[in-house]
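**Student:** Got a structure for you, written out below as structure tokens; questions coming shortly.
The values are calculated or read from the model by the stated rules, or taken from the named source; none is laboratory data. As the structure is a computational prediction, the values presented were derived from the model and not from experiment. FYI the Cβ positions are ideal-geometry reconstructions off the backbone, even for glycines, and counts take in every protein chain you see.
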Amino acid sequence: MSDNKKWQYDLDEYIRQGEPEKAMKSYAWKTAIGLQDVDGLKTSDYLLETAKEHIEGNITIESAKDRIQSYYRQRESRAIIEAGTQSAFSRQGAACPPVQR
């Protein structure tokens, strides 16, 4: 099974188990993730694990939303910082940061 469709199998397992509340939550997550997939967005392992936590009743949907938003904000910040660092090094003509001794 390809990694990009593994999430479907993982979420289908909750539907097969037959517990109505878990099945309903799983359908909702499958819909949301499927819409991202249609747009060509890859599902992160973090999002899938958070979805499972919600489906299993360990966290609320509000907590899931907060976790995911925080994860992507931090990820964006890291990407911006890394891009700025790489840009600064390329302006200096350096391939990597100088080693301080």
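**Student:** Pairs only if they're at least six apart or on different chains, beta carbon under 6 angstrom, first in segment 30-42 and surrounded by 10 or more Cβ atoms within 10 Å (Cβ to Cβ), second part of a loop (DSSP other than H, G, I, E, B); list them, first residue then second.
**Tutor:** Going by the 6 Å Cβ cut-off, the qualifying pairs are Ile33/Thr43.
**Student:** Please state which one of Ala95, Ala83, Ala79, Ala88 is over 12 Å from the mean Cα position of the chain (by Cα), at pLDDT below 90, of a type in the set (Gly, Ala, Ser) and not in a helix (DSSP H, G or I).
**Tutor:** Ala95
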